[in-house]
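Taking it in order: structure first as structure tokens, then the write-up.
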Amino acid sequence: MDRQTCGFNNRLPSTEHASSSSSGDFSGALVLITVSGERERRHRRGASHIGSDTQRSARYGLNTDWLEDMTEASSRARRLFLGGQSMSLLGDGCAVLAVPLLVLQLTRDPLAAGLAAAPRGIGYLLVGLPAGPIVDRLNPWAVLVAMDVLRAGVFVILPALVWLGAAPLGAVLALAFVGGAATVFFDAALTVAVKDLFPAEGLLRANSVLESADRTSQMVGPAIVALLATWVGAETALLVNAATFAVSLATLVPLLIEVRAVRTRGDDAWNARLPGPPAPGRAGRARMTPRSVRLILRRLCEDLWEGLRFIVGFRPLLALTIVQTLVNLCLAVDTLIVYFARVQLGLPTPLVAAVITAGGAGGIAGAVTAPFIAARLGAMPSISLGILLAAGSLLVMGASTGWAPLLAANAVQMWAVSIASVINRSTRQRWIPRELLGRVTTAARALFVAATPVGAAVAGAVTKASGHDPRPAFLGAGLLIGVIIGCGWFGALRRYDLPAAVPDS
């Protein structure tokens, strides 16, 4: 499970009005917020969240014919999309090692190396909250294309600066953070794009493929970078990142063209129903002024607040979010697994690598098996069972005295967490109305991102207080997760499952 974006310790649609009128133009969409946000918000406040996305959008007066056309896209288009996103995820996996290696060529500062290793997490802290409302106002497919262009550019500029001898540490870290922020916007738009492209019954399979690719990239990406860095240098290895994003871009552009073609059939009818000024980009561009900037910021804050209100008001989602955040807090203890294996157990480096690799293999297996488990048990029982198995695995880790039980427990833990991640992501995509998906998703992810470093700090403090023995931290985390999922299941989750837990007023 992606530990920063999906929940359980670990990867945004627009309102139809803004998205269709912006056609992917960022500045036009932001100006549009100032002229139509209140009218759209009045529509939402007067509507409940009962029914399908099409029913909800019809209640808001939105044309959704193009969305139905997108769900009827060819299987070839879907395969192309998933293949391109698998390459994009490989780029993310390569960046985990490539950027820190480049920084270590420039400085031996451990703080700088640590910051370079977490660009996505820092990106969520910087732009995670506004990213959702912004993407909600844009064409998600255009956002995907723009962010791939930006990320590819970042990973071309970084080695170029090194070759030109003009790569100050501050510039390298700033570019890494720009790439991380672009990934935040990309992740948010990807959530919406997957919902658009895959029918409800295909969401789980699509997320299973993406999670499998993510897990594989976390194993393969650093290995590729390590080999290239040894042979040709870390700066040249960065070009592999740029190439993966370029491949993703090449698969997204045809889909963006198709999206614009199928949505055109509903634009005229939608614009004819809209009172007020014409959409930016169609009959002229509104001029940006200090007042309009203030209005844009106010609208974005209101959109973010609306996302938070939806989480609080929709009880199944609130219960799942609370459970996720608390579980993430506890699962952060596995950041100590390398310390546990190498320092506490005294394992040689090859066995430490085997323990980590077993976890990666377990994660891939969990992503592959998640659709089958969900089909037999249902969404909430599967998520709860996955969390419970993860708790048991942490208890086994805490009692481990050798490499074999630690390896097996790590494999089972990552398998269970991956199952919960895939099913959780698909459940959220089906629960959350499309027009709110971006802001709700990023608001929840901000909680998950914040929980992980806090949990890691607590686990480190417990380890230090226990004479530098991490076993009490693992045992305590396992017990706490068991209590959390027990209370969550009997208190709320067992009452909610996908068919019955449709958002209601």
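The values are calculated or read from the model by the stated rules, or taken from the named source; none is laboratory data. Predicted model only: the values in this text are computed from it and were never measured. Here Cβ is always computed from backbone atoms with ideal geometry, including for glycine, and neighbour counts include all displayed protein chains. Accessible surface is based on the protein model in full, side chains and every heavy atom, while ligands, DNA and RNA are left aside. Shrake-Rupley method; radii C 1.70, N 1.55, O 1.52, S 1.80 Å.
Being under 22 Å from the mean Cα position of the chain (by Cα), over 28 Å from R494 (Cβ atoms) and open to solvent by less than 10 Å² (accessible area, probe 1.4 Å): is that true of G438 here? Yes, satisfied. Only one of the listed residues (T335, T325) is assigned to a helix (DSSP H, G or I) and modelled with pLDDT of 90 or more. That residue is T325. For A416, the test of being of a type in the set (A, V, I, L, M) and either in contact with a Leu (Cβ under 7 Å, 6 or more places away or on another chain) or farther than 28 Å from D187 by Cα (or both) is passed.
There is at least one residue in segment 409-422 that is of a type outside the set (A, V, I, L, M, F, W, C), under 30 Å from N139 (Cα atoms), open to solvent by less than 30 Å² (accessible area, probe 1.4 Å) and in a helix (DSSP H, G or I). Looking at segment 256-264, is at least one residue at pLDDT below 60, part of a helix (DSSP H, G or I) and open to solvent by 40 Å² or more (accessible area, probe 1.4 Å)? Yes; the residues of segment 256-264 include at least one that is at pLDDT below 60, part of a helix (DSSP H, G or I) and open to solvent by 40 Å² or more (accessible area, probe 1.4 Å).
Taking segment 155-176 as the range and being surrounded by 23 or more Cβ atoms within 10 Å (Cβ to Cβ) and of a type outside the set (G, A, S) as the test, the residues that pass are F155, L158.
Scanning segment 197-221 for residues that are of a type outside the set (V, I, T) and surrounded by fewer than 19 Cβ atoms within 10 Å (Cβ to Cβ), which turns out modelled with the highest pLDDT?
Taking segment 197-221 and keeping what is of a type outside the set (V, I, T), we get 197-208, 210-215, 217-219, 221.
Narrowing the set further to residues that are surrounded by fewer than 19 Cβ atoms within 10 Å (Cβ to Cβ) leaves 199-202, 205, 219.
Values: P199: 72, A200: 67, E201: 68, G202: 79, R205: 86, M219: 80.
Top of the filtered list is R205.
Checked against (1) at pLDDT below 75; (2) under 19 Å from S75 (Cα atoms); (3) of a type outside the set (F, W, Y); (4) open to solvent by 20 Å² or more (accessible area, probe 1.4 Å), P290 meets all criteria but (2). Exactly one residue among A181, A193 is within 23 Å of R445 (Cβ to Cβ), open to solvent by 10 Å² or more (accessible area, probe 1.4 Å) and under 21 Å from the mean Cα position of the chain (by Cα), and that residue is A181.
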